[in-house]
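Below: one structure, written as structure tokens.
The values are calculated or read from the model by the stated rules, or taken from the named source; none is laboratory data. Note that this is a predicted model, so its numbers are computed, not measured. Reconstructed Cβ throughout: ideal geometry from the backbone, glycine too, with neighbour counts over all protein chains shown. Ligands, DNA and RNA are excluded from the accessible area calculation, which covers all protein heavy atoms including side chains. Shrake-Rupley method; radii C 1.70, N 1.55, O 1.52, S 1.80 Å.
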Amino acid sequence: MKTQVCIIGGGPSGLLLSQLLHLKGIDNVVLERHSREYVLARIRAGVLEHGFAKLMREAQCGERMDREGEIHEGFFIANEGRLNRVDLHKYSGGSSVVVYGQTELTRDLYDARAQMKGQVIHNAEDVALHDLTSAKPGVTYRAGDEVVRIECDYVIGADGFHGVSRKSIPKTVLKEYEKVYPFGWLGVLSRTKPVSPELIYARHERGFALCSLRSQVLSRYYIQVPLSDTVEGWSDDAFWAELKRRLPAEVGARMVTGPSIEKSIAPLRSFVAEPMRYGNLFLAGDAAHIVPPTGARGLNSAASDIYYLYHAMVAHYQRGDESGLEGYSAKALARVWKAQRFSWWMTMMLHTFPDSIEYDRKLQDTDLAYLFSSEAAMSSLAENYVGLPF
Ligand code: APR
Ligand code: PHB
């Protein structure tokens with residue numbers, strides 16, 4: 001099989017790039033290890049920055065997002081029993097974020113790919129990358145007993161943190177930066193009315209909590225838990241009781257509880273792999289970098305990778321201009337690190353660290369006090385939360 005661009009990974013990054021390239025007449029194939037049903041069963045975050053939403057529209061996949069997604073112009077930070085509002089609209093010069101589940105977004109991308117008869121190959125096993133530094137790289141995969149080889153110009157590694165693409169770059173070339181936090185987030189999805197129309201990030205000595213939502217009838221809540229905790233160890237009742245304890249009393253009092261429809265624990269990690277290009281392989285999204293979820297940067301950090309790659313590929317194929325591909329890694333990493341800094345800062349400011357000393361907690365207090373007393377600090381938070389320019 002021959003194609004121009006072989007994309008590994010059918011998550012949001014790979015599918016969005018596939019759709020954008022196809023619309024510009026650039027032939028591509030997506031190889032996904034799992035079935036469509038499996039990918040769509042994963043519950044992921046739900047805040048999209050402006051730039052990502054714009055890319056979805058450009059990819060002709062924004063219709064349902066614009067109809068069902070909610071525009072959020074602010075959120076709350078709870079501290080010492082009080083709610084403080086962050087006015088994103090005011091402090092970002094009129095910008096906002098879209099609350100729309102990543103699972104729904106992935107479904108829209110799959111539907112669009114199917115409608116355009118895009119090639120998305122599911123259940124592709126044993127994906128392997130070959131000849132990455134040659135002019136004609138190849139990708140092989142196994143479908144049942146058959147091994148298929150795809151010849152292409154470029155390989156895109158959009159196969160997430162556990163994918164094969166990053167691991168195909170020699171260890172002598174790749175440098176990895178990692179910070180693992182000593183806790184995880186226990187998340188619960190429930191068919192209940194959200195406690196607040198806008199998100200609440202809550203700092204509390206018992207641990208961080210977050211009130212989020214997918215719609216006005218679907219809530220998503222999280223609490224910080226030790227890494228040793230298990231989902232089985234947390235009954236729904238115990239979860240709701242702990243969540244309420246960490247929120248301002250008036251918020252806890254109006255919390256509507258109900259059975260969980262999904263419950264999972266995710267560890268928190270910051271990670272960057274450099275460079276994001278090796279020969280004719282380009283990494284994008286979670287394959288190259290991970291953020292803790294505190295600043296809602298996960299998918300948004302992937303958005304700029306896709307934007308840069310898309311424009312670099314179009315420049316290459318339509319105008320023979322190589323500058324976008326040449327500059328991709330440096331340009332992508334510059335923005336990736338800014339998203340890393342922001343997520344790290346939000347995480348450090350709002351969580352309870354098991355080994356923290358009194359001095360650290362005083363600095364957290366001061367960080368929050370400064371934030372809510374300084375227009376400059378607010379603007380910095382808002383600018384990062386709605387998404388830095390590409
Ligand atoms: N071969 C083929 N596909 C693979 C392989 C492999 N060896 N390894 C992983 N994949 C697939 C996964 O099954 C998954 O569907 O690659 C896809 C990667 O998708 P994501 O992990 O969702 O990563 P990405 O598309 O970069 O999405 C960005 O934003 O909110 C964050 O972490 C969240 O997924 C989110 C991310
Ligand atoms: C979510 O809705 O899942 C969510 C929202 C904001 C975050 C993290 C997760 O910062």
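Structural remarks
- Between helix 358-371 and the chain: long-axis angle, C-alpha atoms, 0 to 90°, nearest 10: 80 degrees
- The chain, accessible area per residue, ligands and nucleic acids excluded (1.4 Å, Å²): 43 Å²
- Aspartates and glutamates whose Cα lies under 15 Å from that of Lys90, excluding same-chain neighbours fewer than 8 positions away: Glu73, Glu375, Glu383
- The accessible surface of the chain, taken with every protein chain in place and a 1.4 Å probe, is 52 percent carbon and sulfur.
- Sites Lys117 and Glu358, calculated FRET efficiency, Cβ-Cβ separation with R0 56 Å, nearest 0.05: 0.35
- Over the chain, the reciprocal of the mean inverse Cα-Cα separation, the Kirkwood hydrodynamic radius, stands at 21.8 Å.
- Cβ-based net charge around Gly93, under 15 Å, with every Lys or Arg adding one and every Asp or Glu removing one: -4
- Length-normalised contact order of the range 98-242 in % [C-alpha pairs under 8 Å, at least 6 apart]: 15 percent
- Dipole orientation for the chain: of the candidates Trp337, Met1, Phe52, Phe52 has the Cα lying most toward the positive pole (charges on Cβ; Lys, Arg +1; Asp, Glu -1).
- In this structure, the residue pairs whose Cα-Cα separation is over 27 Å, taken from Lys54/Lys171; Lys175/Lys331; Lys175/Lys263; Lys167/Lys331, are Lys54/Lys171; Lys175/Lys263.
- Peptide ranges 315-322, 212-219 listed from the most packed, as the mean C-beta count within 10 angstrom indicates: 212-219, 315-322
- Under the convention that each Lys and Arg Cβ holds +1 and each Asp and Glu Cβ holds -1, the size of the dipole of the range 296-369 around its Cα centre is about 180 debye.
- Charged neighbours of Met378, selected by a Cβ distance under 15 Å, balance to -3 (K, R count +1; D, E count -1).
- Solvent exposure ordering (accessible area, 1.4 Å, most first) of Phe161, Phe271: Phe161, Phe271
- Sum of -39500 (n - 2.57) over DSSP H runs of 4+, divided by residues of the chain (222 nm, nearest 500): -11500 deg cm²/dmol
- 3J(HN,Hα) couplings calculated from phi for the range 143-151 with the Karplus curve 6.51 cos²θ - 1.76 cosθ + 1.60 (θ = phi - 60°) are, in sequence order, 10, x, 8, 8, 9, 10, 10, 10, 8 Hz; Gly and Pro show x.
- Helix 12-23 vs. the chain, principal-axis angle (Cα, 0 to 90°, nearest 10): 50 degrees
- Global form of the range 85-178, assessed from the alpha-carbon gyration tensor, a/c cut-off 1.5: oblate
- When each of the peptides 47-55, 11-19 is scored by the mean number of other C-beta atoms lying within 10 Å of its residues, the order from highest to lowest reads 11-19, 47-55.
- Where no second cysteine Cβ lies under 4.7 Å, the cysteines concerned in the chain: Cys61, Cys211
- Spin-label pair Ser235/Asp66, simplified geometry with 7 Å Cα→Cβ offset, distance in nm: 4.8 nm
- Degrees, to the nearest 10: 102-115 long Cα axis against longest axis of the chain: 30 degrees
- In terms of packing, defined here as the mean over residues of other Cβ atoms within 10 angstrom, the peptides 192-202, 275-285, 294-304 line up highest first as 294-304, 275-285, 192-202.
- Charged neighbours of Leu83, selected by a Cβ distance under 14 Å, balance to +1 (K, R count +1; D, E count -1).
- Take every Cα pair under 8 Å whose residues are at least 6 apart in sequence, average their separation, divide by the length of the chain, and the relative contact order is 20 percent.
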